[in-house]
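Please read the structure below before turning to the comments.
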Amino acid sequence: MNDTFDTWHHGCRAVSRVIRKEMEHRGFSLSATSRVGASWWEDSVFVEHAKQADLILINGEGTFHSGSSEAEKCMRIFQEKTSSNRIALINSIWQDNPTSWVDIISNASYISLRDTNSQKKLTEHGVQAHYCPDLSLISSKPISTLNPRSGVAWGDALKRNVTRDLYKGFRSSRGENYFASVRPTHRSPLTSYPLKDLRYSLTCWWKNYSCFNDEEELARFLAQRNLYITGRFHGACLALCAGTPFVAVASNTKKITFLLNDMGLNPARVFTDTKHLLTASPEQWCWSPDEQESLKENLENARSRATKMFDEICAC
């Protein structure tokens, strides 16, 4: 549920791929999915499979904040569930939600949140919640940092006006610069959209975007850069996979700041607007020795926590 596989976004596809792979590795087969934001109860095929499922997984991602309508759709499963259903909420944020939701989410068989701040919020209400960093952090194989790096990569943002500002920064910057789009080359991994894909490829050519088929290609590209300037949470995550220093403009929640805190990195890397990003330099924002050590340790911890989480999900 809240499946992000068929989205036009490297980070979201990465998370969904990890979930599929890890559950299949543990003997589970995927019987049905409901796309992120969908009114799943109107999908009779999904509902029938959900009733018969041994386990229902909710991929929370950035949905569970500010009492969003998308999160409410996911919460409906607890009203519809049968006594035989196990329901797990994983890879989720929990920020600024109604207190009335606490009683509902406490019915979950297992809860794992992707930042310790979210974990603390639920724990304070007496709900047992585990912590495992965002699954995109384990989506790419560890990348060697011995390769020579050069240039600065710019990325996009959730809000279009912020993306425009970042693109203007890329166009006006001197030296070796790239605009690394978080959008995959193909709009969907499941459905063919030849005209839309052609239009996007022409846009990339016209605007001089660097485009990639999947998150591993993007991470390898970022591993060759000195700095990544982004407005995306998953852009930050994939930069960490690549070991590449980044600075970011805040997204629609504090999720990038939470990520930095949990990874032992400088939270000053996140700004409230793009003004300071436009003058950011690799010399100014390279990793400190402490950050390098923390990043290495916490990326290793992310993998071990993910293994533990999936084992516990299957046993819940």
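Computed from the coordinates by the stated procedures, all read-outs in this text should not be read as laboratory data. These figures come from a predicted structure and were not determined experimentally. Ideal geometry is used to build each Cβ from the backbone, glycine not excepted, and the neighbour counts take in all protein chains shown.
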Exercise. Going by the structure shown, is residue 125 of a type outside the set (A, V, I, L, M, F, W, C) and under 23 Å from the mean Cα position of the chain (by Cα)?
Worked result: no
Exercise. When residues of segment 19-35 are filtered for being closer than 13 Å to residue 74 by Cβ and in contact with a helix residue (DSSP H, G or I) (Cβ under 7 Å, 6 or more places away or on another chain), how many remain?
Worked result: 1
Exercise. Just checking, how many residues over segment 1-24 are hydrophobic (A, V, I, L, M, F, W, C) and either without any contact (Cβ under 8 Å) to a residue 24 or more places away in the chain or not in a helix (DSSP H, G or I) (or both)?
Worked result: 3
For this session: Determine if segment 175-184 includes at least one residue that is among the charged types (D, E, K, R), touching a residue at least 60 places away in the same chain (Cβ under 8 Å), in contact with a helix residue (DSSP H, G or I) (Cβ under 9 Å, 6 or more places away or on another chain) and closer than 27 Å to residue 8 by Cα.
Result: yes
Problem set entry | The listed residue being under 30 Å from residue 77 (Cα atoms), free of Cβ contacts under 8 Å to residues at least 60 places away in the same chain and not in a strand (DSSP E or B), out of 120, 196 | 120
